[in-house]
């Protein structure tokens, strides 16, 4: 694929979170897509210990010093220490344009409790939930269990800052709640407990910026997630044959339009930029917002890429567009005096 402006793109892979291996797959696919689009992909591995490596060279990062001379960085990182605003803050300090949401939006969307609190304040429909802090669980376990009982059973117990269904447990009885909470707290000091949702799982990709020199953000054709397990767990997401994506989703035109409208609204509400995948539960014509991923899985077979491909944006065009959006944002922000 020819490109009138070849870019040098630092592709960040790995990271310190439990989603390290998922990130490696995403980064490999991103690098291939960039090369297909006519760009140069420069690999940067972030080890589980947090070291930044380029091949055998451990990088020394300097404020304002850029990153390996790259025009733009593509942080193909998932989970804490990568998708939560920490790396985004580092890239801001280095003065490097980067793909995806900024510091505040990344931190907000990674915190499932804060994200849902924001949606509740905006009057958006979602499943009932409860945020639980580790200290309260240790000091008031009976009160916590009583509060959770108000959600009904079953419930899903999740670490508040992880993705890819890591650390999630489904509790169908009161007796299962304490082990589920203990398991989630082994990953995170903040846990979210969500009521069981009815209906089907539908996902929608968003591409673009809220402020751009070109066009505003677009929402993809929604896709429907089908799986054989009781719920959409880690094995369903990543094991061969664990899930099937149906695009377009087998839903009404009205529901499809509503999903797209809500995806764009949530994207804007959270201050996201570049890309996101917004997940929903659809019960008849009623759409409930589940969560927003600022850097979803990024292989060509991942849901986000498939949704955009079904909407007419091929994978090389997608990674190319994201880099161009990052550069536009970087140029725009440099015009402000702060």
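Just a few scattered comments:
- Flag if residue 307 is touching a residue at least 24 places away in the same chain (Cβ under 8 Å), farther than 23 Å from residue 111 by Cβ and surrounded by 23 or more Cβ atoms within 10 Å (Cβ to Cβ): yes
- Residue list for segment 68-86, filter: within 13 Å of residue 10 (Cα to Cα) and under 19 Å from the mean Cα position of the chain (by Cα): 73, 74, 75, 76, 77
- Of all residues in segment 1-18, exactly one satisfies the criterion of being at pLDDT below 95 and crowded, with 24+ Cβ neighbours inside 10 Å, namely 17.
- The set of residues in segment 297-316 being in a loop (DSSP other than H, G, I, E, B) and closer than 15 Å to residue 222 by Cα consists of 302, 311, 312, 313.
- Within the option set 18, 26, being in a helix (DSSP H, G or I) and touching a residue at least 12 places away in the same chain (Cβ under 8 Å) holds for one residue only, 26.
- Restricting segment 258-296 to residues that are touching a helix residue (DSSP H, G or I) at 6+ places or on another chain (Cβ under 8 Å) and part of a helix (DSSP H, G or I), the residue that is farthest from residue 227 (Cα to Cα): 269
So that you can scan it fast, the table gives a plain yes or no per residue for (1) surrounded by 20 or more Cβ atoms within 10 Å (Cβ to Cβ); (2) over 21 Å from residue 84 (Cα atoms); (3) in contact with a strand residue (DSSP E or B) (Cβ under 7 Å, 6 or more places away or on another chain); (4) not assigned by TED's automatic domain parsing to the domain that holds residue 29:
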{"site": "269", "(1), (2), (3), (4)": "no, no, no, yes"}
{"site": "273", "(1), (2), (3), (4)": "yes, no, yes, yes"}
{"site": "277", "(1), (2), (3), (4)": "yes, no, yes, yes"}
{"site": "284", "(1), (2), (3), (4)": "no, yes, no, yes"}
{"site": "298", "(1), (2), (3), (4)": "yes, no, no, yes"}
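- Out of 107, 97, sole residue that is closer than 26 Å to residue 22 by Cα, crowded, with 18+ Cβ neighbours inside 10 Å and free of Cβ contacts under 8 Å to residues at least 24 places away in the same chain: 107
- Scoring residue 128 on the criteria (1) over 26 Å from the mean Cα position of the chain (by Cα); (2) within 24 Å of residue 173 (Cβ to Cβ) leaves a single failure, condition (1).
- Qualifying residue in segment 41-52 (condition: in contact with a helix residue (DSSP H, G or I) (Cβ under 7 Å, 6 or more places away or on another chain) and not in a strand (DSSP E or B)): yes
The values are calculated or read from the model by the stated rules, or taken from the named source; none is laboratory data. This one's a predicted model, so the numbers in the text were calculated from it and none came from an experiment. Ideal geometry is used to build each Cβ from the backbone, glycine not excepted, and the neighbour counts take in all protein chains shown.
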